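One structure is given below, encoded as structure tokens.
The values are calculated or read from the model by the stated rules, or taken from the named source; none is laboratory data. Fair warning: this is a prediction, and the values are worked out from it, not measured in the lab. Note that we place each Cβ from the backbone using ideal geometry, even for glycine, and neighbour counts take in every protein chain shown.
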Amino acid sequence: MSAARIGPGGIPDWLEPLVRFCSRCGGELAFGPVEGEERPRLACPECGFVSYVNPRLVVTTLPITDRGEVMLIRRGIAPGIGEWAQPGGFLEIDETVRDAAIRETIEETGLRVEPGAIVGLYSRLPAAVVVVAFEARIVGGTPAITRESLETRPFAPEAIPWPEIAFETSVRALRDWVARVRPELPLPDPATISRPSGG
Ligand SMILES: [Zn+2]
């Protein structure tokens, strides 16, 4: 049954074990047509409960120094361990997007930021996430090694280590930022950058 849930209208295979049973009655969920729904859904044959599976929001920032460099972290945790990315993480249920941007940045970099304009919003279907990237002014703190980062350091727009960026969504966010602040710089094609971790 599980294979039928994967693919168009289904859910990623890695997510399937998390939504196997009905959260109302404990029955086993089945994927298929549901009355009143315009697409196949996971639903409980026992009680009729429909389990909607939607992407989650990942909130990230591009912390910018006074010199116009972007602070990136070398990731200390999977996925993308050892590669570079902007700080960020999942939005919690009890916080605003802006609060999450500030919290995740200080947790992962030691830097206090003031989120500004949204650089972009990026879907990544295999990971079932939507990533928002804020440009953010650094207003305090000190770059720190944290549980989640091996290193935090600034990169000028022309010095971004494109082949070592952890995630496709990070490449896209950094491309959009560089295009905004240094439109004359050449940009890499995201499809040509190999990322060992996929992401
Ligand atoms: Zn049920």
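Yes/no per residue for (1) buried (at least 20 other Cβ atoms within 10 Å of the Cβ); (2) in contact (Cβ under 8 Å) with a residue 40 or more places away in the chain:
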position	(1), (2)
Leu91	yes, no
Tyr122	yes, yes
Ala133	yes, yes
Arg147	no, yes
Trp177	yes, yes
Val181	no, yes
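Considering Arg75, Arg56, Arg24, the condition of being within 16 Å of the ligand (Cβ to nearest atom) and either more than 27 Å from Val132 (Cα to Cα) or touching a residue at least 12 places away in the same chain (Cβ under 8 Å) (or both) is satisfied by Arg24 alone. Residues of the range 109-146 that are over 14 Å from the mean Cα position of the chain (by Cα) and either outside any strand (DSSP E or B) or among the small types (Gly, Ala, Ser) (or both): Thr109, Gly110, Gly116, Ala117, Ala136, Gly140, Gly141, Thr142, Pro143, Ala144, Ile145.
The single condition among (1) under 30 Å from Val139 (Cβ atoms); (2) in contact with a strand residue (DSSP E or B) (Cβ under 7 Å, 6 or more places away or on another chain) that Leu29 does not satisfy is (1).
For the range 75-82, the condition holds for at least one residue, the condition being that it is under 30 Å from Ile138 (Cα atoms), assigned by TED's automatic domain parsing to the domain that holds Val139 and surrounded by 20 or more Cβ atoms within 10 Å (Cβ to Cβ).
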